[in-house]
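Below is one structure, written out as structure tokens; comments come after it.
The values are calculated or read from the model by the stated rules, or taken from the named source; none is laboratory data. In this text, all values refer to a predicted model and were calculated from it rather than measured experimentally. A quick note on method: Cβ atoms are made from the backbone with ideal geometry, for glycine too, and the neighbour counts reach across all protein chains shown. For accessibility, only protein heavy atoms count, side chains too; no ligands or nucleic acids. Shrake-Rupley method; radii C 1.70, N 1.55, O 1.52, S 1.80 Å.
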Amino acid sequence: MTLNEELIQLRQQMKQLEKENDFLEEASAFFAASRLKSAKTKE
């Protein structure tokens, strides 16, 4: 594998990890909001 090919592969992996991270952040925010809403309705 050439250095350029490796660089391209690493950039693709970084893009994929960024997408996964964005998804996890959105999921965390969703569940945090759900817990807050649930806590308010129990009061």
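In whole percent, how big is the carbon plus sulfur part of the accessible area of the chain, probe 1.4 Å, protein atoms only? So the carbon and sulfur contribution to the accessible surface is 59 percent. Helical runs assigned H by DSSP (4 residues or longer) give the chain a calculated mean residue ellipticity at 222 nm of -34500 deg cm²/dmol, each run adding -39500 (n - 2.57) before division by the residue total. Note the angle between two axes, namely the Cα long axis of helix 3-42 and the longest principal axis of the Cα atoms of the chain, as a number of degrees from 0 to 90, rounded to the nearest 10. Long axis of 3-42 versus the principal axis of the chain: about 0 degrees. In the chain, taking the dipole from charged Cβ atoms about the Cα centre, the farthest positive-side position among M14, T41, T2 is held by T41.
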